[in-house]
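Following: one structure in structure tokens, then a few remarks.
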Amino acid sequence: MSSIEMVDRTDKTDWFAAGAPHVWRPYCQMKTARPPLRVARTDGALIILEDGRELVDGIASWWTACHGYNHPHIREAVQRQLERAPHVMFGGLAHEPAYRLAARLAAWLPGDLNHVFFAESGSVSVEIAMKMALQYWINRGVMGRARFLSFLGGYHGDTLATMTICDPEEGMHALFAGVMPGQHVQSLPRDDAGEAELDAFLGRHGAEIAAMIVEPRVQGAGGMLFHDDEVLKRLRRLADRHNILLIFDEIFTGFGRTGSLFVSGDSSVVPDIVTLSKSLTGGTLPLSAAIASDRIFDAFWSDDAGAALMHGPTYMGNPLACAAANASLDLFEEGRWKDQVERIETGLRQGLEPCRDASGVVDVRVMGAIGVVEFDKPVDASGLCARFAQEGVWIRPMGKVVYLTPSFIVSTSQLAELTSAIRRVLAG
């Protein structure tokens, strides 16, 4: 059969019916879950379905599409790179998009976060950060620092090592308890008493801890839980006092989501390693980075080949993804995102505040382009998602929260559609 005949046959096939028996979907019990909605295309803040319906996207495809879908500047950059070199291995070879991106990220981040290790997904970048932290101590000749400290409410990914530093009560990874070595998971030090309690804990266990890791300002998938920058200053003090590395997981919070380009810059707290992903490419292609300080990198810079970080994802530094990320950074450099996030924050506060009166609601909170309605118990996420789609919006609740994290280019009227849909659905 010729390639033309194969294309013709594929075009006439019901792609969903043909593929559904073979696709393993994320985060759902496929036997009982509703079928996914069939997407034809995307544009700006809209998801256009095959049946012609248009949904205003309230979560920017898991917080990635910060500039909206199909942004022409990013699309054109990817197209140009596609014509030059869609991919080339990163081992022993170099290309402009990755090297230019690394230099720009180092310039934008605070302090001496100067050394960029690229990967393809957020959870992998966290694993790399963990590996860096462990080997940092090994290379320095310090044995026994083989565990990590993370925090209740935190979420850092679904890969094996990252599961161990997520909140064990969060639920998704309970089946894997005991499969991997356990880590220390404690409460964030939100006040002096909490800092003293964590200080005492580290006095007992600090010598076995390589690093502590936190999502700064907002713990995302664990429930959109907010904390102030004083918490981060407490963690930096404790990390320094007990000679422990500090990792910021800015996969969700990075690139303007909280109102700051990076929390690690605006909070005046500089971590030893920071991880980035999600909005790095403006929601176009998979890319992540673990970015280390000079102190961390210097422990690997050696005449001893055994001191090198032996890690290298196949698609590390993919040129297409790096071209998209550079184009996304161009858009951030223009600066419009600041006013966009301020406008969204105002709209979220006004649009979601009435939800406080809805049955079961215990809190409504907003930070930057994040709006959260929290309930007293887990919500029917699938049922609510279907009802929101009927209202013309794409909102995917999780746990106890219905939340919005729209693209920064969402219009005022589209944002009002999102918040009014939540109010209508919650009102019954």
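Please treat every number below as a calculation from the coordinates, not as lab data. Because the structure is predicted, anything quoted here is derived from the model rather than measured. No Cβ is skipped: glycine too gets one built from the backbone with ideal geometry, and neighbour counts run over all protein chains shown.
Here the spin labels are modelled as points 7 Å beyond Cα on the Cα-Cβ line, and at residue 159 and residue 20 they lie 3.3 nm apart. In this structure, the amide hydrogen of residue 151, modeled 1.01 Å from its nitrogen in the peptide plane, lies closer than 5 angstrom to those of 186, counting only residues at least 5 positions away or on a different chain. Sequentially through region 31-44, phi angles give Karplus couplings (6.51, -1.76, 1.60; θ = phi - 60°) of 5, 10, 6, 5, x, x, 6, 8, 9, 8, 6, 10, 7, x Hz, Gly and Pro residues having no value and appearing as x.
Taking only C-alpha pairs under 8 Å that are 6+ residues apart, what is the relative contact order of region 85-334 in percent?
Over region 85-334, the number comes to 30 percent.
Across the chain the C-alpha pair distances fall into 20 Å bins from zero in the proportions 24, 57, 18, 1 percent. The H on the amide N of residue 42, modeled in the peptide plane, is under 5 Å from the matching H of 48, each at least 5 residues off or on a different chain. Listed by chain and number, the aspartates and glutamates whose C-alpha is less than 17 Å from the C-alpha of residue 338, apart from same-chain residues fewer than 8 away, are 266, 330.
Within straight-line reach of residue 400, meaning a Cα separation under 21 Å, sit the following lysines at least 8 residues removed in sequence or on another chain: 377.
What's the center-to-center distance, using Cα atoms, between region 363-393 and region 258-280 in Å? Distance between centres, Cα-based: 26 Å.
For the residues 341, 274, what sequence is obtained by ranking on other C-beta atoms within 10 Å, fewest first?
Numbers: 341 21, 274 30.
The fewest-first ordering by Cβ neighbours comes to 341, 274.
Assuming R0 = 41 Å, can you tell me the calculated FRET efficiency for the pair residue 186 and residue 13, based on Cβ-Cβ distance, to the nearest 0.05? It comes to 0.20. Taking θ as phi - 60° and the Karplus parameters 6.51, -1.76 and 1.60, the scalar couplings of region 234-239 work out to 5, 5, 5, 4, 5, 4 Hz in sequence order, x denoting glycine and proline. Summing Cβ point charges (Lys, Arg +1; Asp, Glu -1) relative to the Cα centre of region 85-334 gives a dipole of roughly 340 debye.
Where does each of 323-329, 198-204 land if you order them by average Cβ count within 10 Å, highest first? Can you show the working numbers first?
On the way: 323-329: 24.9, 198-204: 14.9.
Those peptides, ordered most packed to least, come out 323-329, 198-204.
Between residue 30 and residue 314, the C-beta separation translates, for a Förster distance of 25 Å, into a calculated FRET efficiency of about 0.35.
Between residue 342 and residue 412, the modelled label-to-label distance comes to 1.4 nm, taking each label 7 Å out from Cα in the direction of the beta carbon.
Sort 285, 352, 280 by Cβ crowding within 10 Å, fewest neighbours at the top.
Details: 285 19, 352 23, 280 29.
Result, fewest neighbours first: 285, 352, 280.
With R₀ fixed at 30 Å, the C-beta to C-beta distance from residue 305 to residue 207 puts the FRET efficiency at about 0.55.
Which residue fluctuates most in the GNM of the chain (Cα springs below 10 Å): 181, 216, 397? Top of the fluctuation ranking is 181.
Site pair residue 85 and residue 152 shows an inter-label distance of 5.1 nm when each label is modelled 7 Å from Cα along Cα→Cβ.
Shown in residue order for region 315-323 are the 3J(HN,Hα) couplings computed by the Karplus curve 6.51 cos²θ - 1.76 cosθ + 1.60 at θ = phi - 60°: 9, 4, x, 3, x, 4, 5, 5, 5 Hz (x for Gly and Pro). By DSSP, the beta bridges lying fully in the chain are antiparallel in about 65 percent of cases.
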